[in-house]
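**Student:** Let me begin by handing over the structure; questions about it come next.
Nothing in this text is a laboratory measurement; each read-out follows from the coordinates by a stated rule. Only a predicted model underlies this, so the values are computations on that prediction, with no experimental measurement involved. For neighbour counting, all protein chains shown are included, and Cβ atoms are generated from backbone atoms with ideal geometry for every residue, glycine included.
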Ligand code: SF4
């Protein structure tokens, strides 16, 4: 593959041909062998950012895969940006590697040339995006190009993300490379605020009728409902709300909560129009209501998880979080712990200079007050006014003495990542790439040995999606085409990613905080079978260890 290397400090760039197949393969090789980024500080300029895409030319495989060492969990992390891969191809490359640390720099990449422009992070990504599209129009002179940006959230937290709007729908339809702190690494390790990329290289899409037919069949849920509607209607009483406290309630009570606050309030009169992420994709999974994107994870993090059930409030906050360039899922867990501490009087509102406290009482949710407090805290965190809450959650809750209330998956000595919002064992167990969907995330209980194999199989397949920049919403039709050889190759690279984690002293640890343990224990009590049904710390430990042994064995680790 043709790789463009950029040194942000030297303001230099060069090309290299590297004989590897996918972007995760390339990134693991660079981080483990060339830059040895496991050694230094996570924000050292050796923590290179790799942004690339695959050779595949069907719709749904034009994402950009962005890989880096996560400042949150300390291992290799991939995040993806829908539709951005097309423009890397148009510039004539498979991947871009950013090393060195400059200062407040925007990269303007056209064909094989790179310009370095001064730009500072903004707390309003979408308005900057708009200005930059207008500004660079003449530079690209009719050639298609796309922009990605970080916001002040990347400067002021360790969980900043990358945001890239579909050029025709700036601030409405945006792709977000959210997980792992990618934006924070791009800014704090390299001083890069954003990238525009495009060029005259050939870009052809294969619109083969048989592929389109399969896509049509297997993406129905995304097209007809989108993640917001489909997930809530499927999860029902198993939605995790009120900072995980909903899982203490018996199932009939949770179902009542779902009916009253989610079905009759959050989902009430929901109407949407459908869009794509920028790909020529028949799944049109992005849903817009009144020009604001509505999707499950982002809205849930800013909605029911914080005791907010008015859709307009949750959608407003989700949009704000994107505009500041913060990972909504990570922030959701930060705010969840803080909200519970405030509502129980463990922290005084004056500590964060707030006038009110939110309430996480499920008998009387106070959506409006919670919304106002969340808005204030989000601004303060995004603008760097509460640096403590911009830090890793595991470290900040220890300092605040509210560790019991926080949900996170511990890694190494003081690292962590937060799980996606599913009450599933698969997202809590120590898979190789935690915090994403490299695991099963269904609500089902299996014996640890059986479940470990299910999760390992998912890790391998999900690796291939990100490695080849394929949208995982296409998995229904594409993963059955993966051959034995590609599954074996993926396994081999996953093994190296584990080696990296080990070298970085960032291996996953057994669940640590009280609320995380409670969340898992409640799962065992509700869904567990046989000897596991009663839960308890010793059984949880036994399950974790037995599961991990089989999981690692299955991956030949
Ligand atoms: S399913 Fe959605 S995110 Fe995936 S390629 Fe299609 S439009 Fe983009």
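**Student:** Show me the ranking of peptides 56-69, 237-250 by mean Cβ neighbours inside 10 Å, starting with the highest.
**Tutor:** Final packing ranking: 56-69, 237-250.
**Student:** Further question on the same structure: Ordered by packing density, taken as the mean number of other Cβ atoms within 10 Å over each peptide's residues, highest first, how do 170-178, 469-477, 326-334 rank?
**Tutor:** 326-334, 170-178, 469-477
**Student:** Give the relative contact order (percent, whole number) for the chain; include only Cα pairs under 8 Å separated by 6+ residues.
**Tutor:** The value is 16 percent.
**Student:** Mind giving me the FRET efficiency for residue 289 and residue 509? R0 is 45 Å, r the Cβ-Cβ distance, nearest 0.05 is fine.
**Tutor:** Efficiency, rounded to the nearest 0.05: 0.65.
**Student:** Still on this structure, please answer the following. Between region 41-72 and region 80-137, how many Å separate their Cα centres?
**Tutor:** Region 41-72 and region 80-137 have Cα centres spaced 14 Å from each other.
**Student:** What order do you get for 114-124, 202-212 when each peptide is scored by the mean count of other beta carbon atoms within 10 Å, highest first?
**Tutor:** Sorting 114-124, 202-212 by mean packing, highest first, produces 114-124, 202-212.
**Student:** By how many nm would the segment from residue 383 to residue 274 grow when fully extended, if each residue of separation counts as 0.36 nm and the alpha-carbon distance is taken off?
**Tutor:** So the chain would gain 36.0 nm between residue 383 and residue 274.
**Student:** Sorting 462, 224, 538, 457 on the 10 Å Cβ count, fewest up front, what's the list?
**Tutor:** The most exposed by this proxy come first: 538, 224, 457, 462.
**Student:** If you don't mind, another one. Hey, fewest Cβ within 10 Å first, where do 339, 527 land in order?
**Tutor:** With the sparsest Cβ surroundings first, the list reads 527, 339.
**Student:** Okay, moving on. Place a point 7 Å from Cα of residue 134 in the direction of its Cβ. Which residues in region 162-184 have their backbone N less than 16 Å from it?
**Tutor:** 168-171
**Student:** Once you have a ≥ b ≥ c as the square roots of the Cα gyration tensor eigenvalues for region 322-477, tell me rounded if a/c is under 1.5, and otherwise prolate or oblate according to whether a/b is larger than b/c.
**Tutor:** Here region 322-477 falls in the prolate category.
**Student:** Moving to a separate point now. Find how many whole Å separate the alpha carbon centroid of region 385-428 from the alpha carbon centroid of region 291-305.
**Tutor:** After rounding, the separation between the Cα centres reads 20 Å.
**Student:** Quick one: grab the alpha carbon gyration tensor of region 210-391, order the square roots of its eigenvalues as a ≥ b ≥ c, and give me rounded if a/c is under 1.5, else prolate or oblate depending on whether a/b is larger than b/c.
**Tutor:** Here region 210-391 falls in the oblate category.
**Student:** FRET efficiency for residue 481 and residue 233, Cβ-Cβ distance as r, R0 = 22 Å, nearest 0.05?
**Tutor:** 0.15
**Student:** How would you rank 418, 546, 459, going from fewest to most other Cβ atoms within 10 Å of each one's own Cβ?
**Tutor:** Exposure proxy ranking, most exposed first: 546, 459, 418.
**Student:** Using 0.36 nm times the number of residues separating residue 499 and residue 541, minus their current alpha carbon distance, what extension gain do you get?
**Tutor:** Here the segment from residue 499 to residue 541 would lengthen by 12.8 nm.
**Student:** Follow-up question, since we're still on this one. What nm value, rounded to one decimal, do you get for the distance between residue 375 and residue 398 when each label is placed 7 Å out toward the C-beta?
**Tutor:** Rounded to a tenth, the inter-label distance reads 3.6 nm.
**Student:** Is the shape of region 2-198 best called rounded, prolate or oblate, per the rule: a/c under 1.5 gives rounded, else a/b larger than b/c gives prolate, else oblate, with a ≥ b ≥ c the square roots of the Cα gyration tensor eigenvalues?
**Tutor:** Note, shape of region 2-198 comes out rounded.
**Student:** I would also like to ask the following. With N residues in the chain, what two-decimal value do you get for its Cα radius of gyration over 2.2 N^0.38 Å?
**Tutor:** 0.91
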